[in-house]
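Okay, structure first, notes after.
Read the figures in this text as sums done on the coordinates, not as results from a lab. No experiment lies behind these values; they were computed from the predicted model shown. Positions of Cβ are generated from backbone atoms using ideal geometry, with glycine treated the same way; all protein chains shown enter the neighbour counts.
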Amino acid sequence: MDKTVKKKVLFLTKLAGWLCFGPIAIFWELYLLGYQPKLFLLGMMAIIFAFALSLLLSDITELCYNRSRMRRWVIFSVFFVSVIVAIPLYFAMKKLPKK
């Protein structure tokens, strides 16, 4: 794979990882405002935080260069995190070569 493609995929993956902290902040504000299912909010924040860490550390494990893994991340982020996070992941997936 070309170095420029790797750099673009890595940038888009890291961008998606940092964008995950937006939904975490929203859930934290709901938690502080007294939204009733507090355990649900804390669980969702933990899941999104773990997902953000996996995105931010994906260059170490080289997972961000795997097209099928990227597709799973896009689907997971659409359903559980945010569509805003899925957009850079989708563009990163499109940059990866098909096998």
Simple label model, 7 Å out from Cα along Cβ direction - V83 to A50, nm = 2.7 nm
What full-extension length gain, to one decimal in nm, is calculated for I75 and L63 as 0.36 nm per residue of separation minus the Cα-Cα distance?
-> 2.8 nm
For the chain the mean separation of alpha carbon contacts under 8 Å (6+ apart) over residue count, i.e. relative contact order in percent, is 41 percent
Gained length - W28 relative to K8, 0.36 nm times residue gap less alpha-carbon distance | 4.1 nm
Once the in-chain neighbours fewer than 8 apart are removed, the lysines whose Cα is under 17 Å from K7 read K94, K95
